[in-house]
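Before any comments, here is the structure.
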Amino acid sequence: MYDPVKRWGALVGEVKSTGRLAMTLGGLGLVAGALMIAGSRHWLPTTLPSFPPPPEAGEAQPAPHGPVHDARPGQPARRIAEDLIAPPPLDVAGIERIEARPPLGELGLASPPKTPMPKDWRETLLYRPVAISSAVFEAMGRRVIVSGAVDIGPARTCSFDDAIWPCGQRARAAFNAWLRGRALKCVLPPDGDRFVIAASCTLGKQDVGAWLVANGWAMAAPGGTYGKAESVARGAQMGIFGPPQ
């Protein structure tokens, strides 16, 4: 028959015996640790290793005094002072100055400086311009030569494949047809000066000289900015460089 009182007593006895076993094992561990600490002085060194102090900032270190071997072919090793760097011997007579290589392209070339305009010159609108030749026009009592363009006179004739035609008159007519009486903006001197003058002009955002040269109705001035435009017009046989029109 099951007796709960006896069962409870047996459990209490088992717990007590387990606690005594744990206490015994803990005591043995403490004793072993104490013995290891006591004997560690025989295993570990009693003095710490010494290291040289680090060099201070800016203090130069002595260079090793071992032999220096030069691995370069044909160059014997030379003994020099530790605080001196001697350049190798150089024969000045063997130096030759050569010309600089040409530029790889025209993009990197500097553009010629522009001629500064006088301070009293201002941008002026010239209304109802009329071309009197391929690169000269009159407006508001002024006669203006388009800067950078070489004029083709009205009396000039051109030849193309044995055909002679009045290219000067045709160039003037083309200039007038392009203007159509629209106002030009030119950089001009004060109103008191009414002499014939070469000036750069624009029609809206279009450069007048660039349009004339690019379409073959004028030639580029030597050393000016329209040289490439004339080359293109000649190659395409435009304007005075082409057939009769």
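A short reminder: the numbers here are calculations on the coordinates, not readings from a lab. Note that this is a predicted model, so its numbers are computed, not measured. Backbone-built Cβ (ideal geometry, glycine too); neighbour counts: all protein chains shown.
The order of 35, 212, 179, going from fewest to most other C-beta atoms within 10 Å of their C-beta, is 35, 179, 212. Just to confirm a number: summing +1 for Lys and Arg and -1 for Asp and Glu over residues other than residue 172 whose beta-carbon lies under 15 angstrom from that of residue 172, what do you get? Here the charged neighbours net out to +2.
The overall shape of segment 122-240 is prolate: from the C-alpha gyration tensor, with semi-axes ordered a ≥ b ≥ c, the ratio a/c is 1.5 or greater and a/b exceeds b/c.
Near residue 203: Cβ cut-off under 11 Å, other residues only, Lys/Arg at +1 and Asp/Glu at -1. The net charge is +3.
Peptides 232-243, 137-148 ranked from most to least packed, by the mean per-residue count of other Cβ atoms within 10 Å: 137-148, 232-243. Counting Lys and Arg as +1 and Asp and Glu as -1 over every other residue whose Cβ lies under 12 Å from the Cβ of residue 243, the net charge comes to -1.
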